[in-house]
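These notes concern the structure reproduced below.
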Amino acid sequence: MVMNEKEVISTTDAPQAIGPYSQGIRAGSFVFVSGQIPLDPHTGDIVPGDIRAQTRRALENLRGVLEAAGSSLEKVVKTTIFLASMEDYGAVNEVYAEFFGDSRPARSTIEAAMLPKGVAVEIEAIAIADTGGKT
């Protein structure tokens, strides 16, 4: 891929876009993943459970898009987490740490007045893509 080209990333391992956007975009050596919410990619339903269950599903969806782009959670350089309530910050951190371990990307966490479909968490990411030696 030439640096000024972009490739749309689409996978069944994450929910289909619910608006006029892509699940992800691969541009040069980076992958930009749209905000992932806790929707089951096969049913389109919000996963049942607490903030931990919702965070886990959002991160699994994020991983699905990254892997479809030839990247991974280990290659994430920046995330943004949107929370319906900052009171969930600690619980989200627990699940987040399970997924990222020692590979800790830069991160921002923002409390949002409302998230799509009334979910409690949304997570977006920027990662390094495998360019196969091309730039």
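Key figures for this structure:
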quantity	calculated
Matching residues in segment 1-52 - criterion: being of a type in the set (V, I, T), outside any strand (DSSP E or B) and more than 30 Å from G90 (Cβ to Cβ)	V2, T11, T12
Residue satisfying condition, being in contact with a Leu (Cβ under 9 Å, 6 or more places away or on another chain) and more than 18 Å from T80 (Cβ to Cβ), within set V47, V8, V31	V47
Test: residue in segment 56-76 that is over 18 Å from R26 (Cβ atoms), at pLDDT 95 or above and of a type in the set (S, T, N, Q)	no
Hits in segment 18-45 - residues which are closer than 21 Å to L73 by Cβ, of a type in the set (G, A, S) and either exposed (fewer than 14 other Cβ atoms within 10 Å of the Cβ) or within 14 Å of the chain's Cα centre (by Cα) (or both)	S22, G24, S34, G35
Pair list, Cβ under 6 Å, 6 or more apart: segment 40-53 residue over 20 Å from A17 (Cα atoms), other residue in a loop (DSSP other than H, G, I, E, B)	I51/A120; A53/V47
Residue match in segment 46-58 (condition: surrounded by 17 or more Cβ atoms within 10 Å (Cβ to Cβ), touching a helix residue (DSSP H, G or I) at 6+ places or on another chain (Cβ under 6 Å), among the β-branched types (V, I, T) and over 24 Å from S10 (Cα atoms))	yes
Total residues in segment 1-21, condition modelled with pLDDT of 90 or more and not basic (K, R)	12
Candidates V92, V65, V77, filtered to the one that is touching a strand residue (DSSP E or B) at 6+ places or on another chain (Cβ under 8 Å), part of a strand (DSSP E or B) and not basic (K, R)	V77
Given (1) of a type in the set (G, A, S); (2) more than 22 Å from S10 (Cβ to Cβ); (3) at pLDDT 95 or above, index of the condition G101 fails	(3)
Residue check for E60: under 9 Å from the mean Cα position of the chain (by Cα), charged (D, E, K, R) and assigned to a helix (DSSP H, G or I)	yes
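Here is a yes/no grid of residues against (1) over 25 Å from I18 (Cβ atoms); (2) touching a Lys or Arg at 6+ places or on another chain (Cβ under 9 Å); (3) of a type outside the set (K, R); (4) in contact (Cβ under 8 Å) with a residue 60 or more places away in the chain:
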| position | (1), (2), (3), (4) |
| --- | --- |
| K78 | no, yes, no, no |
| F82 | no, no, yes, no |
| S85 | no, no, yes, no |
| E94 | yes, yes, yes, no |
| I110 | no, no, yes, no |
| A125 | no, yes, yes, yes |
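The values are calculated or read from the model by the stated rules, or taken from the named source; none is laboratory data. A quick note: this is a predicted structure, and the numbers were derived from the prediction, not measured. So basically every Cβ, Gly included, is an ideal-geometry build from the backbone, and we count neighbours across all protein chains shown.
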